[in-house]
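Novice: What follows is a single structure, and I will ask about it in a moment.
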Amino acid sequence: MTFDRSGVDALMEITSRPELVFVRGQGSWLEDHNGKRYLDFVQGWAVNCLGHCPPEVVKAINDQAATLINPSPAFYNAPSMALAKRITGASCFDRVFFANSGAEANEGAIKLARKWGQLNRNGAFKIITFDHSFHGRTLATMSASGKPGWDKIFAPQVDGFPKADLNDIESVRALIDDQTVAVMLEPVQGEAGVIPATHEFMQALRALTTEHNMLLIVDEVQTGYGRTGKMFAYELSDIQPDIMTLGKGIGAGVPLAALCAREEVSVFVHGDQGGTYNGNPLMTAAGVAVFDALMAPGFLDAVNARAKQLSDGLNALSDKWGMQGERGDGLLRALMLGRDDGPAIVEAARDWEPQGLLLNAPRPNLLRFMPALNVTEQEITQMLAQLEEVVARVRS
């Protein structure tokens, strides 16, 4: 298969892409148009929680596609009800609204919090978020995000998102006024470089929001569905949020997301929320297959075992090369490089022969690792060995 430059020219330019086309994938491996294989530790930015083309998801999609694809969200369908029941049964939430992307789920969470504020807090609408946070690419979720420079790209921003500092409870307290309705955060800031909110901070945040009759919203688009070694990352802190958003891993590669809320917070009335494809049976059937795979006996135990292996291996690499250690929860981890050669390492790893390695550098001075949750012990060992060779070449 040749590289079709005319096809490239037909696509809108939104990011820099290498001149290769992926044509098939299985588990932790991808293959490009030249037949070269790549060990994938990005997995669509933590999307493919069961790897590429997981058999249970492929079967669920094929079976559902032959039965019913989209009756419209104006009607009930069996897979959406089955998945909603599973999520509420495994969490502290009572209601689920299915969407197509994490940004859409977060947009829904913002709307739900503001509607709750209209009914319960005299129109309070401000939602405290955090510097360096990432909540999506819609106008509202970009405004909620604390990514540097995003306040200028599509100005003016949507009003009402003051920024606090992660793991600094006093910075949150200082922003609260009579117009504040909620606090929204990622339990682990992914794009910022895999920075976990501490157990103590999450506990204090829950107490503070309860004290002020405010909502606590956890954006678990990247951390939910087993990524941190728990089904949901909020469980690591022994708290119960009021609203949670899910995306990425919930569909294991298909466009599926969810907005979850406790019963007393679920204040939408008919017409407040919707979407043409939301909760369609094709996507939610895939979601049921993903949920059941993750909840199978021993699955999360294996995630935690592989997380320890990855953490230990990254720390050993760090010690050998004088780096600054690693951090993260579960199979969402970062290696602090100590210098800004992350992009060079990513490029060299991808171009490695005979087999490439796919890594991610959200910041120049670190690498982020988001393998499939069912990655094998051997694959982690292979990745660590190949990464060490790449680092040696780049730093030579």
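Just so it is clear, none of the values below were taken in a lab; they were calculated from the coordinates. All figures in this text were calculated on a predicted structure; none of them were measured in a lab. Cβ: placed from backbone, ideal geometry, glycine included. Neighbour counts: every protein chain shown.
This table checks each residue for (1) surrounded by fewer than 20 Cβ atoms within 10 Å (Cβ to Cβ); (2) in contact (Cβ under 8 Å) with a residue 40 or more places away in the chain; (3) under 14 Å from Leu246 (Cα atoms).
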{"position": "Ile87", "(1), (2), (3)": "no, yes, yes"}
{"position": "Arg95", "(1), (2), (3)": "yes, yes, yes"}
{"position": "Ser101", "(1), (2), (3)": "yes, yes, yes"}
{"position": "Asn120", "(1), (2), (3)": "yes, yes, no"}
{"position": "Thr129", "(1), (2), (3)": "no, yes, no"}
{"position": "Phe134", "(1), (2), (3)": "no, yes, yes"}
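Novice: Let me ask something else about it. I need the full set of residues from the range 107-141 which are part of a loop (DSSP other than H, G, I, E, B) and at negative phi, in order please.
Specialist: Residues of the range 107-141 part of a loop (DSSP other than H, G, I, E, B): 121-125, 131-138.
Arg121, Ala124, Phe125, Asp131, Ser133, Phe134, His135, Arg137, Thr138, listed by residue number.
Novice: In a loop (DSSP other than H, G, I, E, B), of a type in the set (A, V, I, L, M) and within 24 Å of Val42 (Cα to Cα): does that describe Ala155?
Specialist: On the way: in a loop (DSSP other than H, G, I, E, B): yes; of a type in the set (A, V, I, L, M): yes; within 24 Å of Val42 (Cα to Cα): no.
The answer is no for Ala155.
Novice: Does Leu205 meet the test of being surrounded by fewer than 17 Cβ atoms within 10 Å (Cβ to Cβ) and of a type in the set (A, V, I, L, M)?
Specialist: Values: surrounded by fewer than 17 Cβ atoms within 10 Å (Cβ to Cβ): no; of a type in the set (A, V, I, L, M): yes.
So Leu205 fails the test.
Novice: Looking only at the range 248-290, which residues are on the phi > 0 side of the Ramachandran plot and surrounded by 18 or more Cβ atoms within 10 Å (Cβ to Cβ)?
Specialist: Lys248, Ala252, Gly253, Gly279 - these are the residues of the range 248-290 that are on the phi > 0 side of the Ramachandran plot and surrounded by 18 or more Cβ atoms within 10 Å (Cβ to Cβ).
Novice: Cβ contacts < 7 Å: first residue free of Cβ contacts under 8 Å to residues at least 24 places away in the same chain, restricted to the range 48-74; second residue in a helix (DSSP H, G or I) and surrounded by 20 or more Cβ atoms within 10 Å (Cβ to Cβ), any location; separation 6+ or different chain. Result?
Specialist: Note: no pairs meet the criteria.
Novice: Could you tell me whether the range 248-258 includes any residue that is farther than 30 Å from Gln64 by Cα and touching a Pro at 6+ places or on another chain (Cβ under 9 Å)?
Specialist: Applying the first criterion (farther than 30 Å from Gln64 by Cα) to the range 248-258 yields none.
No, because not a single residue in the range 248-258 is farther than 30 Å from Gln64 by Cα and touching a Pro at 6+ places or on another chain (Cβ under 9 Å).
Novice: Does Leu384 count as touching a residue at least 24 places away in the same chain (Cβ under 8 Å), buried (at least 22 other Cβ atoms within 10 Å of the Cβ) and within 19 Å of Gly328 (Cα to Cα)? Talk me through it step by step, then tell me what you get.
Specialist: Details: touching a residue at least 24 places away in the same chain (Cβ under 8 Å): yes; buried (at least 22 other Cβ atoms within 10 Å of the Cβ): no; within 19 Å of Gly328 (Cα to Cα): yes.
The answer is no for Leu384.
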